[in-house]
Amino acid sequence: MTTETHCPYCSLQCGMRLTGRRTPEVAAWEEFPVNRGALCRKGWSAAGLYGSRDRLTTPLVRDRATGEWSAVSWDDALDRVAAGIRGAQDARGPDGVAVFGGGGLTNEKAYSLGKLARAALRTSQIDYNGRWCMSSAASAGIRAFGLDRGLPFPLADVEETDVLVLVGSNLAETMPPAARHLDRLRELGGRVVVIDPRRTPTSDRADLVLQPVPGTDLALAVGLLHLLVARGAVDEDYLADRTTGWSQVKESVAAWWPERVERVTGVPAAEVRELAALLADSPRVMVLTARGAEQHATGSDTVLAWINVALALGMVGRRGAGYGCLTGQGNGQGGREHGQKADQLPGYRRIDDPAARAHVAGVWGVGPETLPGPGRSAYELLDALGTDDGPSAMLVFGSNIVVSAPNATHVTRRLESLDLLVVCDVVMSETAAIADVVLPVTQWAEETGTMTNLEGRVVLRQRAITPPSGVRSDLDVISGLASRLSTVPFATDPEEVFAELGRASAGGPADYSAITYDRIRDEGGVFWGGERLFGSSFAHPDGRARMHAVEHRGTAEQPCADYPVHLTTGRVLAQYQSGAQTRRVRALPDDGAFVELHPLLAGRLGIADGSSVRVSTRRGTMTAPARVVTTIRPDTVFVPFHWVGANRLTNDALDPASKMPEFKVCAASVVAA
Ligand code: SF4
């Protein structure tokens, strides 16, 4: 038997075929338009997720005194969790319990989790790890366009542009099947520009590579806009017809001449001029940002600055042009639409909008007045755990916080201070290992559900194999807890949940009400809102895009005598996110973390390639082997974040609009260990 489904990992959601009922085999699904049968090594080896000896198959509870784990029945485990939640809420009120979700959860799970928090537990304290991934682009998209859909066009449109500008994206390594669009674009005569402090496999496909100091992408964007104004390349008719705010933006870029940009960004003024000329002379320009530009305390302003460039050129809404964000997590798009965000109800509705509350409460069969208001963002929530004002119990679904949170040592202490930590996972992740109760759940090919890929295309992951006995789906867990703590009904059949999600989202910015499982199967995925957006109007009430004058503020930490270099973090091809899945797939190399640094820096510090180095920041220290490479700036070191350690170093400074932590840059010291 063959099942058409999608990869368990990133936001490309490559189509694949699975055969075999117990141990699946992966085969190409050539007809699926996004990847046309191509997969990266993570996708080809995805079946390796099965057969791991680490797989959990029974609920476990931990004795805090001895640290011993005991197997318990599902009823016992859920009763204990329900009792713990009741205790926390009796002592601290409804917000005594928190819920933490993930950007890898299916739409059905993300929706049900938001409903569990608001309708059954009545807590405002829910957020998810996607806050640390796409929230700056989401915040900027809503402010600029009135709507956040990462790519407002199919990814294949990349091939139709004349100049593609990738800001902080290592697309060739993070989603290799998408790199064919870059190759095709260049075959057709288009140009690729990569802006990244490191030269990466994506830079190898570029015509122009700019390597700014980490955290200075905003200054580069305003410097480009300054030059575009000076060259008369701005589309004044478009700006007058389709935008507001241009005069303030124009004034704000007036003083950003190329030599000033060079002083701030480290990019030679000649290269800034070269890129400006390329943009000015090209009929179609497309700008795509990713985490490199977004995971900063100024991330949302940085995205707004690049949106300003695309708008000023009159590109947004034109075919083969415009602005988009390359979402990272598997359901990074859908996961931010249906209610697991602190300020949101399903359909990308705002939780503080009375009409939205009335609509969703009606679908849930509860009074709108019973729904809580906005809660804390992900890091703020974790920072509050176990404090006098914070929750004393937390449920975690689909997230390995101990590895992926910024300032991770501090966050781990906060998790350990809880009276009750419950983790639903497939393996004993680093976060599950410090929990009180671990609930073993189904994964990927063992269950059915929808994901929304980086293009806003809703796809269907179909169950292909039988789960191990003893595990339950997250939907079962949510329903089991809800039935113990409330009278609100929760469906457990994914298709039924999706239909309810459709009703709850109807009329909202992300309206799924016309999408069905059958349509997704028949049409190879369904775009919510349509295939291409913003062709004739934006989603603000007056139909115009908003331009925002934004200022370069610099990074939260500047290098100093004690911490003289920039530390940046990112991914490697063979691993995914916190590595809880990929580190257990035997076919994927698990070489551990490393510290990438330039020969000039290595020589000054007496560090040889392969030798052990210690990287320290104000928050922590880690040791890993050195990789001495010429592809990184001499003032910057890079550490991949898939292993415990990197995020003990990262900075928890937050973007004021998106609450995105500054994962991508902090001040560090490096010494031979
Ligand atoms: S690019 Fe992403 S979705 Fe495609 S196979 Fe690789 S990890 Fe899976």
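The values are calculated or read from the model by the stated rules, or taken from the named source; none is laboratory data. Please read these numbers as outputs of a predicted model, since none were measured by experiment. Counting neighbours? That spans all protein chains shown, and the Cβs are built from the backbone with ideal geometry, glycine included. To get the accessible areas, we keep the full protein, side chains included, count just its heavy atoms, and leave off ligands, DNA and RNA. Shrake-Rupley method; radii C 1.70, N 1.55, O 1.52, S 1.80 Å.
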Quick check: the angle from helix 217-230's long axis to the longest principal axis of the chain, C-alpha only, nearest 10 degrees?
40
Which value in deg cm²/dmol, rounded to the nearest 500, describes the helix-derived mean residue ellipticity at 222 nm for the chain, given -39,500 (n - 2.57) per DSSP H run of n ≥ 4 and division by the residue count?
-8000 deg cm²/dmol
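So what is Rg over Rh here for segment 1-108, counting just Cα atoms and using Kirkwood for Rh?
Values: Rg = 20.0 Å, Rh = 17.6 Å.
Rg/Rh: 1.13.
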Placed amide H near F527: partners under 5 Å, 5+ positions off or other chain
V458
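If you roll a 1.4 Å probe over the heavy atoms of the protein chains, what accessible area per residue do you get for segment 539-673, in Å²? Please report the intermediate quantities before stating the final value.
Numbers: 5310 Å² over 135 residues.
Using a 1.4 Å probe on heavy atoms only, each residue of segment 539-673 averages 39 Å².
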Please compute the volume of the convex hull spanned by the alpha-carbon atoms of segment 27-80 and report it per residue in Å³.
164
Below 8 Å, C-alpha to C-alpha, sequence gap of six or more: please give me the relative contact order for segment 314-411 in percent.
13
Virtual spin-label span in nm between A355 and S536, 7 Å along Cα→Cβ:
2.2
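Could you work out the relative contact order of segment 242-329? I mean the mean sequence separation of Cα pairs under 8 Å and 6+ apart, divided by the number of residues, in percent. Display every interim value, and only then the final one.
Details: 67 pairs, mean separation 23.9, N = 88.
Here the relative contact order equals 27 percent.
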Unit charges at the beta carbon, dipole of the chain: most positive-side option, M134, A312, N35
N35
List the lysines whose alpha-carbon lies under 16 Å from that of K115, not counting same-chain residues fewer than 8 positions away?
K341
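Computed FRET efficiency, Cβ-Cβ of R21 and T630, R0 60 Å: what is it to the nearest 0.05? Please list the in-between numbers first.
On the way: r = 50 Å, r/R0 = 0.83.
Calculated transfer efficiency: 0.75.
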Once the dipole of the chain is set up with Lys and Arg at +1 and Asp and Glu at -1 on Cβ about the Cα centre, which of S537, V595, A280 lies farthest towards its positive end?
V595
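What's the magnitude of the charge dipole for the chain around its Cα centre, counting Lys and Arg as +1 and Asp and Glu as -1 at the beta-carbon? Answer in Debye, nearest 20. All intermediate terms of the calculation are to be shown ahead of the outcome.
Numbers: 70 positive and 78 negative charges, 138 e Å.
Around 660 debye, computed over the chain.
Per-residue counts of other Cβ atoms within 10 Å, averaged by peptide: what ranking do you get for 519-525, 626-632, 648-654, highest first? If you can, show how the numbers build up before the last one.
On the way: 519-525: 15.0, 626-632: 18.1, 648-654: 23.3.
Descending mean neighbour count gives 648-654, 626-632, 519-525.
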Shape parameters for segment 200-240, alpha-carbon atoms, Rg then Dmax in Å:
13.9, 40
How big is Rg to Rh over segment 108-173, alpha-carbon atoms, Rh as the Kirkwood inverse-mean-distance radius?
1.11
Volume per residue of the C-alpha convex hull in segment 506-648, rounded to whole Å³
227
Could you work out what % of the accessible surface of segment 1-113 is carbon and sulfur, using a 1.4 angstrom probe and leaving DNA, RNA and ligands out of the count?
47
For an R0 of 51 angstrom, estimate the FRET efficiency from the Cβ-Cβ distance between S486 and R519 and round to the nearest 0.05.
0.95
Beta bridges per DSSP with both ends in the chain, % antiparallel, nearest 5:
45
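So how do 18-29, 173-184, 104-115, 378-389 stack up, highest first, on mean other-Cβ count within 10 Å?
On the way: 18-29: 15.7, 173-184: 19.9, 104-115: 29.3, 378-389: 18.3.
So the order, starting with the most tightly packed, is 104-115, 173-184, 378-389, 18-29.
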For the charge dipole of segment 54-211, defined by +1 on Lys and Arg C-beta atoms and -1 on Asp and Glu C-beta atoms about the Cα centroid, which residue among T58, P94, I195 has the Cα displaced farthest towards the positive pole?
P94
Compute the relative contact order of the chain as a whole-number percentage, counting only Cα pairs closer than 8 Å that sit 6 or more residues apart in sequence.
21
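Given the convex hull over the Cα atoms of the chain, what projected area results after averaging over all orientations, in nm²? Before the final figure, lay out each step's value.
Working: hull surface 109.5 nm².
Result: 27.4 nm².
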In a Debye calculation with equal point scatterers on the alpha-carbon sites of segment 206-312 and no solvent, what is log10 I(q)/I(0) at q = 0.17, 0.21 Å⁻¹?
-0.77, -1.21
What fraction of the Cα pairs in segment 379-467, stated in percent, has a spacing above 23 angstrom?
37
What whole-number volume per residue, in cubic angstrom, does the convex hull of the C-alpha atoms of segment 271-338 give?
117
Over all distinct Cα pairs, what is the inverse of the mean 1/r for segment 228-285, reported as the Kirkwood hydrodynamic radius in Å?
12.7
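Using only the Cα atoms of segment 166-259, what semi-axes does the equivalent ellipsoid have when each is the square root of 5 times a gyration tensor eigenvalue? Give whole Å, largest first.
29, 17, 12
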Considering the alpha-carbon set of segment 465-540 alone, what are its Rg and its Dmax in angstrom?
16.7, 53
For segment 576-673, the dipole about the Cα centre with charges only on Cβ (Lys and Arg +1, Asp and Glu -1), to the nearest 20 debye, works out at 180
Measure off 7 Å from each Cα along the Cα-to-Cβ vector at R604 and S70, then give the distance between these two points in nanometres to one decimal.
5.8
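Calculate the translational D of segment 62-183 in whole µm² s⁻¹ from Stokes-Einstein, where the hydrodynamic radius comes from the Kirkwood formula applied to all Cα pairs, the temperature is 20 °C and the viscosity 1.002 mPa s. It would help to have the intermediate numbers written out before the result.
Values: Rh = 18.7 Å.
The calculation lands on 114 µm²/s.
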